[in-house]
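None of the figures in this text is laboratory data; all of them are computed from the coordinates on show. Because the structure is a prediction, the values reported are computed rather than measured. Cβ sites come from the backbone with ideal geometry, for glycine too, and all protein chains shown count toward neighbours.
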Amino acid sequence: MALWGNNDSVYSVGVVTVSYADLTVTGSGDFVSAGVAAGDVIQIGVGSTYGEAVIASVSSASTITIASTQFLSGEEISGFEYNINQQPKYALGVGETSRGTTGPALVYGVDANEVGIAATTPFAVTHSGWVAVAATYVDCSNNLRVKHEVLVAGGILTTTDASDDALFADN
């Protein structure tokens, strides 16, 4: 298993429920036929509201097992949308802290097209790859400033794009 892949949205259909007791995630859809694999990362909630976890195994079409709940919120997770991607495993728990809470990572797969479009926004990045948004703030002139770090430079495939288009739009 690689440390990261190049797909920012492997699968994202329906909703999931997490059992902290036995580290299982049950969802609608078919994880097996979608190609979800051990090592992929599941982000739960819009903007990873409830956190993220590394997938340990795909138990059945509707159930996966996660390696740990370390980067999940600890709150009940039932009936929430999700995204499965191939972000760097070491990036879990990295990301924006300026929201007043120590929330989940804000790591995005940014392709070359998104780099070009983001160039005119505060979220401009120098090249494609896996990007962590470290902080956002408004400066004394009322301009939005964004601190980010490119974790892994390289080509990201976005034939199936994650729902990050508010920050890194495709068009």
Between ASP170 and SER68, what is the label-point separation in nm under the 7 Å Cα-to-beta-carbon projection?
3.3 nm
Percent antiparallel among DSSP beta bridges (both partners in the stretch 35-74, rounded to 5):
100 percent
What is the distance, in nm, between label points placed 7 Å from the Cα along the Cα-to-Cβ direction at SER78 and at ALA34?
2.1 nm
Under the 7 Å Cα-to-Cβ spin-label approximation, ALA61 and ALA135 lie apart by a distance in nanometres of 4.9 nm
Rounded Å value of the spacing that divides the Cα centres of the stretch 24-58 and the stretch 75-89:
5 Å
For the stretch 107-124, Karplus-derived ³J(HN,Hα) couplings (6.51, -1.76, 1.60; θ = phi - 60°; whole Hz; x for glycine and proline) come out as 10, 10, x, 10, 8, 4, 5, 5, 4, x, 6, 5, 4, 9, 10, x, 8, 4
What does the C-alpha gyration tensor say about the overall shape of the stretch 15-87? Classify as rounded when a/c is under 1.5, otherwise prolate if a/b is larger than b/c, or oblate.
rounded
Based on the mean of other Cβ atoms within 10 Å per residue, sort peptides 16-25, 36-45 so the most packed one is first.
36-45, 16-25
